[in-house]
1. Can Ala432 be described as modelled with pLDDT under 95 and of a type outside the set (D, E, K, R)?
2. I need a count of the residues in the stretch 457-477 that are within 33 Å of the chain's Cα centre (by Cα) and either more than 9 Å from the ligand (Cβ to nearest atom) or at negative phi (or both).
3. If you go through the stretch 365-380 one residue at a time, do you hit one that is within 14 Å of the ligand (Cβ to nearest atom) and not in a helix (DSSP H, G or I)?
4. With the condition being modelled with pLDDT of 85 or more and surrounded by 22 or more Cβ atoms within 10 Å (Cβ to Cβ), I'd like the strands (runs of 3 or more DSSP E) fully within the stretch 50-148 carrying at least 2 qualifying residues.
5. Restricting to the stretch 434-454, and then to whatever is within 14 Å of the ligand (Cβ to nearest atom) and not aromatic (Phe, Trp, Tyr), can you tell me which residue is nearest to Glu500 (Cα to Cα)?
6. Does at least one position in the stretch 298-313 carry a residue that is at pLDDT 90 or above and exposed (fewer than 15 other Cβ atoms within 10 Å of the Cβ)?
7. What pairs come up if the first residue lies in the stretch 408-433 and is within 13 Å of the ligand (Cβ to nearest atom), the second is of a type in the set (Phe, Trp, Tyr), and their beta carbons are under 7 Å apart, counting only those six or more places apart or on different chains?
Amino acid sequence: MTTKPFQARFSEALRLAVVVRLARELNADLTPKEVLQRVLNATAEVLSTPHASIVALREKRLLATYALGAGPDVDAQPIMEHVLAEGLAGFVLHNYRTVIVNDIATNPLWMPLPDEPLSPQEGSALCVPLIHAGDVVGVMTLAHPARSYFSADAVHLINTISEMGAAALASTMSLEEARRANIRYSNLFDDVIVPIILTDLSGTIQAINRSACDFLGYTRAELVGQSISTVHRKGTTEPLGGHRYDHLIRGQEVRFRSLVWTKAGEKLPVRVYARRVRNEQSGDYIQWIEHDLSSELALEQLRQDLSAMVYHDMRGPLGNIHTSVLALQNLLAEHPNPRVADFLDVAVRSEQQVRRMVDALLDVQRLEEGSRLLSRTTTAIEELVDSALQQVQPAADEKNIQLRLALADDLPLLYLDANMVERVIINLLDNAIKYTPDYGVVTVSTASSGTEVFVRIKDTGPGIPQEALAHIFDKFARVEHPNMPHGVGLGLTFCKLAVEAHGGRIWVRSEPENGSVFTFALPINAPATKELPSVGMAAW
Ligand code: ADP
């Protein structure tokens, strides 16, 4: 075994100390440029080379450079670009291996650049790739004025340093990238004009953009760390209540209307779009986009108020027309010209039609606004059916339509707005008579399931096409029946809203050419409104 002389062992220990110091210095807080500086300085120190340069690369493109001894006035960037394109560093970059050049003067890869001290004209060189996870993240070049200066020992040492440097460079570069992405996202987040709040999965606010601060009147510091229920308070729409949380956690977008409380205590209507955003680094969060509905709703309210005013104001003149035409009918009952009676009949029917339309518009509007049923009384449904039948009898007689009645025995009394439910029955009967051809049959029946009372109106008309069934209760929905009168499409909307205001439900079954069966069910003991499907497929 050969023993190295003391001098050799001493310099080996010094080299080791430099490597250890470098290992300690390379930490994640450095910038890529600082990593390059430390790696190059340490390498130049242990190998005693006066010329050295290093580059950091992302996807083979130059990211940062550092050259030993290059003063501030030397712009290393274009020189390095050139070397990477055509010189020794470029060769190493593309071949993924360390290269020793024992005589740079005769090697064509060594580029005779005029920029001393970056590029000496004589001596030897060592060029090493910094490889991390199979990618070249940097190239380091060392040069010495002596030929054949770099030994196998030097290559061994420089490989150790380059591995350390490559790992540090890769992590600091990805950290830089993440930081930059973060800054890009924060700028975007802040500049978006829609108010956005970010919470963790338990609803604690983590971030809030400028627009949300302006909208809610809070500063960032006041809201971060608070619960989302600071702005979406309980009692209105619980933001994480019910099934919403499950949907959000499963990654589905949840939309709902709610109110937000501003710092000044004002309640503002919003449409919320909430969704879970996956984030591996800092944990998943929920993004709440708060779309301000104030102006939309104010406009809608104005529109509704205006139309309510118009409908309401039409009632007075219509009433005058009604009484005047009736008076004329009386006065002119004995008129010798039979066309006078005909004209008056047309006037009466037209006035009734317009009045029904105006009433329907007002009813629908009132019910849509959620007006409470103020005039509930305990009522027998049979009485309402009876009264409705009496009112539609003349229309049925005109078409020779037979009205049949099948009442169940012992139906319980119901607590309801009698006038409204009677008008539901009249509407359904009117339609049945209107759409049933002459000499048809319209049957009204009642039944009870113990929890609900059912009223069913069956006709022998043309029926309703399958594709129209789902929309038949929508506002202004109409189905064209050849040779049949036109309506406005509000009658069934009124029926649905009126029945639902009683906590009930309404549906239709129909087969083309086989008539239609409209059924509504009213709860026996449940006056409170509940949400139920509009078109049910109950067996009855
Ligand atoms: P309107 O009768 O004023 O048009 P409705 O809301 O009462 O409005 O009815 C909506 C549509 O449903 C009607 O246009 C008609 O096509 C269809 N409809 C309602 N009742 C019946 C029925 N008994 N038979 C066939 N079609 C009907």
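The values are calculated or read from the model by the stated rules, or taken from the named source; none is laboratory data. Quick caveat: nothing in here was measured; it's all calculated off a predicted structure. Positions of Cβ are generated from backbone atoms using ideal geometry, with glycine treated the same way; all protein chains shown enter the neighbour counts.
1. Values: modelled with pLDDT under 95: no; of a type outside the set (D, E, K, R): yes.
Spelling it out, it is not the case that Ala432 is modelled with pLDDT under 95 and of a type outside the set (D, E, K, R).
2. First, the residues of the stretch 457-477 that are within 33 Å of the chain's Cα centre (by Cα): 466-477.
Applying the additional criterion that residues be either more than 9 Å from the ligand (Cβ to nearest atom) or at negative phi (or both) yields 466-475, 477.
The number of residues fulfilling the criteria is 11.
3. Looking for residues that are within 14 Å of the ligand (Cβ to nearest atom) and not in a helix (DSSP H, G or I), one finds none in the stretch 365-380, hence no.
4. Counting at least 2 such residues, we get 51-58, 61-67, 124-132, 135-144.
5. Residues of the stretch 434-454 that are within 14 Å of the ligand (Cβ to nearest atom), as a first pass: 434-437, 440-444.
Filter once more, so that each one left must be not aromatic (Phe, Trp, Tyr): 434, 436-437, 440-444.
Working: Lys434: 25, Thr436: 27, Pro437: 30, Gly440: 30, Val441: 28, Val442: 24, Thr443: 23, Val444: 20 Å.
The extreme case among them is Val444.
6. Taking every residue of the stretch 298-313 in turn, none turns out to be at pLDDT 90 or above and exposed (fewer than 15 other Cβ atoms within 10 Å of the Cβ).
7. Between residues of the stretch 408-433 that are within 13 Å of the ligand (Cβ to nearest atom) and residues that are of a type in the set (Phe, Trp, Tyr), the close pairs are Val424/Phe520; Asn427/Phe494; Leu428/Phe518.
Residue by residue, here is whether (1) closer than 24 Å to Asp103 by Cα; (2) without any contact (Cβ under 8 Å) to a residue 60 or more places away in the chain holds:
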position	(1), (2)
Val128	yes, yes
Ile131	no, yes
Val136	no, no
Ser151	yes, yes
Thr160	no, no
Glu163	no, yes
